[in-house]
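J.: Following this message is one structure expressed as structure tokens.
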Amino acid sequence: MCPVSAGHHHSSAHYGNKDAVRAVIVSAVALGLAALAEITSSVVSGSASVLADGLHNSGDVLTSFILLFTFALVRRPATRRFSSGYGRFEDVATLLIIVVIIVTAAVAAGESVAKLIYPASYSNIPLSLGAALVGVVANLGVSEYKVRVGRGIGSESLKADGIHSRIDALVSAGAFVGIGLAGLGLRLADPIVGMLITVAIVYVLAGTVKQLYYRMMDAVDPTIVDEISSAAKSVTGVLEVHDVRVRWVGRELVAVMHVATNPKSTLEDAHALAMRVEDAVCHEVPAARLDIHMDPGTAKHKHAVVGSPLDPDDDDGDHDHHHDGSHEPDDHQPLR
């Protein structure tokens, strides 16, 4: 098995690293304090934009702790019931995150629409301006912190989280502008900015849903398949590589491939070759866990697909093998 080092939006395998975990916790605490200040001030002042930004920051705090719990859970060893481990729980966590984002967006949108229909009178404008400014400073601070730690441990995902926080700082700046304009007499500016912040929350939601869809469909970047195939083919003794299948299970990249070798090789030689292929693939794609099926030579044959009916006219088990990874229907079988 190769070392695991894969990422997901708002997550990273590097969060198992103590520095990264500390960065996430410190960032969550900082954003939590900013969210508390913004939500409290919005209740006092009646600002929809500051409330929307406070809800957005509190959503980020909650999702951070959901992910930290997830990373702790997926490190548990496999059991007889969960024989593949707990990696898939990251997808469950993503569903929880989507629910959090939906709730925060709905509350922010509802408050902003209410302020548009029934314009409110604002009070304690300086308090809300200060709270929005706290949101800007907190997001910029955690952004620089996460980017610096991400660079130090080589975590692209943690750096991406930091960049996301920079965007959140712009959202907080928008809340600052909205309540500021409301204080100058442009009362509709505040709920309008609140709606824009809601749009930003929904934009984040769309990206999260897209990533979850890809994970549920076992989608991977095609270049990963090419890198794995090329690394395996580069090993001396490999005659052919085919039927390469790759999917994410949590933060682990599970790859299955068929490797053709000299049919006169001993079992010991074939095993040694498989180990060399695994080393080569691990060097090229460190996140991969590889299962290798060794084929004797490159003669055409076909392996039964799990769940597919056997051909009753083919008693000797000698089938054509499709090297392009597709499985064409047998002429003797009806299409189902």
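J.: Going by the structure shown, is Val92 β-branched (Val, Ile, Thr), assigned to a helix (DSSP H, G or I) and under 21 Å from Ile201 (Cβ atoms)?
T.: Numbers: β-branched (Val, Ile, Thr): yes; assigned to a helix (DSSP H, G or I): yes; under 21 Å from Ile201 (Cβ atoms): no.
So Val92 fails the test.
J.: Gly194 fails exactly one of the following numbered conditions: (1) surrounded by 17 or more Cβ atoms within 10 Å (Cβ to Cβ); (2) over 27 Å from Val107 (Cβ atoms); (3) not aliphatic (A, V, I, L, M). What is the number of that condition?
T.: Tallying (1) surrounded by 17 or more Cβ atoms within 10 Å (Cβ to Cβ); (2) over 27 Å from Val107 (Cβ atoms); (3) not aliphatic (A, V, I, L, M), Gly194 fails exactly one: (2).
J.: Of the residues that make up the stretch 114-130, is at least one under 19 Å from the mean Cα position of the chain (by Cα), open to solvent by 30 Å² or more (accessible area, probe 1.4 Å) and free of Cβ contacts under 8 Å to residues at least 24 places away in the same chain?
T.: no
J.: Can you tell me which residues in the stretch 63-112 are of a type in the set (Asp, Glu) and at pLDDT 80 or above? Step through it out loud before you land on a result.
T.: Pass one, the stretch 63-112, residues of a type in the set (Asp, Glu): 90-91, 111.
The one that is of a type in the set (Asp, Glu) and at pLDDT 80 or above: Glu111.
J.: Out of Val134, Val177, report the one residue that is closer than 25 Å to Val26 by Cβ and either in a helix (DSSP H, G or I) or open to solvent by 30 Å² or more (accessible area, probe 1.4 Å) (or both).
T.: When all the criteria are applied, what remains is Val134.
J.: Further question on the same structure: Would you confirm, using the coordinates I've provided, whether Gly32 is open to solvent by 10 Å² or more (accessible area, probe 1.4 Å) and either outside any helix (DSSP H, G or I) or over 15 Å from Asp161 (Cα atoms) (or both)?
T.: Values: open to solvent by 10 Å² or more (accessible area, probe 1.4 Å): yes; either outside any helix (DSSP H, G or I) or over 15 Å from Asp161 (Cα atoms) (or both): yes.
Yes.
J.: Further, regarding this structure: Counting only residues that are of a type outside the set (Val, Ile, Thr) and open to solvent by 70 Å² or more (accessible area, probe 1.4 Å), how many does the stretch 81-113 have?
T.: First, pick out the residues of the stretch 81-113 that are of a type outside the set (Val, Ile, Thr): 81-91, 93, 95-96, 105-106, 108-112.
With the extra rule that they be open to solvent by 70 Å² or more (accessible area, probe 1.4 Å), the set shrinks to 81-84, 88, 95-96.
The total comes to 7.
J.: Step by step: first the residues of the stretch 212-226, then only those that are touching a residue at least 12 places away in the same chain (Cβ under 8 Å) and in a helix (DSSP H, G or I), then the one that is surrounded by the fewest Cβ atoms within 10 Å (Cβ to Cβ). Which residue is that?
T.: This residue is Met216.
J.: Could you please find all residues in the stretch 244-283 being under 22 Å from Tyr86 (Cβ atoms) and among the β-branched types (Val, Ile, Thr)?
T.: Val246, Val249, Val254, Val256
J.: I'm trying to understand the selection: among the residues of the stretch 43-58, which are open to solvent by 10 Å² or more (accessible area, probe 1.4 Å) and either under 24 Å from Ile98 (Cα atoms) or in a helix (DSSP H, G or I) (or both)? Even if it seems obvious, please write down each step before you answer.
T.: The initial filter retains those residues of the stretch 43-58 that are open to solvent by 10 Å² or more (accessible area, probe 1.4 Å), namely 43-44, 46, 51, 55-56, 58.
Passing the criteria: Val43, Val44, Leu51, Leu55, His56, Ser58.
J.: Where residues in the stretch 218-269 are hydroxyl-bearing (Ser, Thr, Tyr) and touching a strand residue (DSSP E or B) at 6+ places or on another chain (Cβ under 9 Å), which of them is farthest from Arg289 (Cα to Cα)? Let's see the steps before the verdict.
T.: Kept after step one, since they are hydroxyl-bearing (Ser, Thr, Tyr), are these residues of the stretch 218-269: 223, 229-230, 234, 236, 261, 265-266.
Subsequent filtering for residues that are touching a strand residue (DSSP E or B) at 6+ places or on another chain (Cβ under 9 Å) retains 229-230, 261, 265.
Working: Ser229: 14, Ser230: 16, Thr261: 21, Ser265: 25 Å.
Applying the filter and picking the extreme gives Ser265.
J.: Follow-up. Only one of (1) loosely packed, with under 15 Cβ neighbours inside 10 Å; (2) closer than 29 Å to Leu186 by Cα fails for Ala78. Which number is that?
T.: So the condition that Ala78 fails would be (2).
The values are calculated or read from the model by the stated rules, or taken from the named source; none is laboratory data. Only a predicted model underlies this, so the values are computations on that prediction, with no experimental measurement involved. A quick note on method: Cβ atoms are made from the backbone with ideal geometry, for glycine too, and the neighbour counts reach across all protein chains shown. Each accessible area value is taken on the protein alone, full model and side chains, heavy atoms only, with ligands, DNA and RNA left out. Shrake-Rupley method; radii C 1.70, N 1.55, O 1.52, S 1.80 Å.
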